[in-house]
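What follows is a set of notes on a single structure, which appears directly below.
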């Protein structure tokens, strides 16, 4: 791999890391292109060539992955999860979730909770919050 290709890949990885770290904030191709030190159009082409999907699609998928985790492991409402992962519209969130996962957020939550319960793995969110609460120095758990 040439020196310029290595540098390009490093810049693209920096932009992808920005998406992974800041997925819940408003991100657009222009902002990500600035991280990669390139023009928006060139960045979008390079990102797709290297990672196999557009920056926007990668961001959406990252948000949906996090939403799946929140729906499975918390008792937050679907609307709150939508906002927590960076979607501004519940309709867009539900449509995108359905495209990526194959079912609605509510159906996903119902199915995964039912599966966890059937396998004896379900822990109510209130109990899990208590168990994951940080313990202060010398304080009881």
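Which of the residues that make up segment 19-45 are over 23 Å from residue 97 (Cβ atoms) and either surrounded by fewer than 20 Cβ atoms within 10 Å (Cβ to Cβ) or touching a strand residue (DSSP E or B) at 6+ places or on another chain (Cβ under 7 Å) (or both)?
Within segment 19-45, 30, 31, 34, 35, 37, 38, 39, 40, 41, 42, 44, 45 qualify.
With the condition being within 29 Å of residue 28 (Cβ to Cβ) and modelled with pLDDT of 95 or more, I'd like the helices (runs of 4 or more DSSP H) fully within segment 60-141 carrying at least 3 qualifying residues. First the steps, then the outcome.
Numbers: elements: 78-84, 90-101, 105-118, 125-132.
Counting at least 3 such residues, we get 78-84, 90-101.
Regarding residue 50, is this residue surrounded by 15 or more Cβ atoms within 10 Å (Cβ to Cβ) and at negative phi?
Judged against the criteria, residue 50 is not a match.
The values are calculated or read from the model by the stated rules, or taken from the named source; none is laboratory data. Model, not experiment: these values are computed from the prediction. Every residue, glycine among them, receives a Cβ derived from its backbone with ideal geometry; neighbour counts consider all protein chains shown.
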